[in-house]
Amino acid sequence: MVPIRGPSGQFALFTVSSRDDDEAWAAYTEERSRALILASHYVNQKALEIERGTDHADIVSLSPRETDALTMLALGYSRAQASDALSISEHTLRVYIESARFKLAAMNTTHAVARALNQGILRI
């Protein structure tokens, strides 16, 4: 199973099965994990196109602090360095990052930074 998060925060699971024995299936999935992940996102994108008529998601708006937090991470700062530079606690930084991740429908922090850069929210 491959977990998927859609552009508007939707959650889905992409499941592939086989009649192979466990050892053969484990070898197959290990060797082709990237392809399976790409296939799962492609199928999800097409499902969204059918549901909404498009896979286009509206550009989100991040708060200034969420933007600052992601910018620091995009510049290569560690969480400790970013929280020091922003004069906030690491806990508060994590809250901003998690909020931005949710708004951007990102799977992780790196994905959030990439989406924000791609959408022009961050300018570095």
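FYI, it's all coordinate maths here, none of it is from the lab. The structure displayed is predicted, hence computed values, not measured ones. Quick reminder, even Gly has a Cβ in these numbers, built from the backbone with ideal geometry, and neighbours come from all protein chains shown.
A few notes on this one:
- Inter-probe distance in nm under a simple model that places probes 7 Å from Cα toward Cβ, at residue 24 and residue 114: 3.3 nm
- Whole-number D in µm² s⁻¹ for the range 64-118, Kirkwood Cα-pair radius fed into Stokes-Einstein, 37 °C, 0.692 mPa s: 307 µm²/s
- Its DSSP H runs of at least 4 residues, each contributing -39,500 (n - 2.57), put the calculated 222 nm mean residue ellipticity of the chain at -18500 deg cm²/dmol, to the nearest 500.
- Taken over the range 2-52, the alpha-carbon convex hull comes to 73 cubic angstrom per residue.
- The chain, relative contact order [Cα under 8 Å, separation at least 6], %: 27 percent
- Percent of alpha-carbon pairs separated by more than 25 Å within the range 20-124: 39 percent
- Proximity of backbone amide H atoms, modeled 1.01 Å from N, is registered between residue 14 and 2, 4 at under 5 Å, excluding neighbours fewer than 5 places apart on the same chain.
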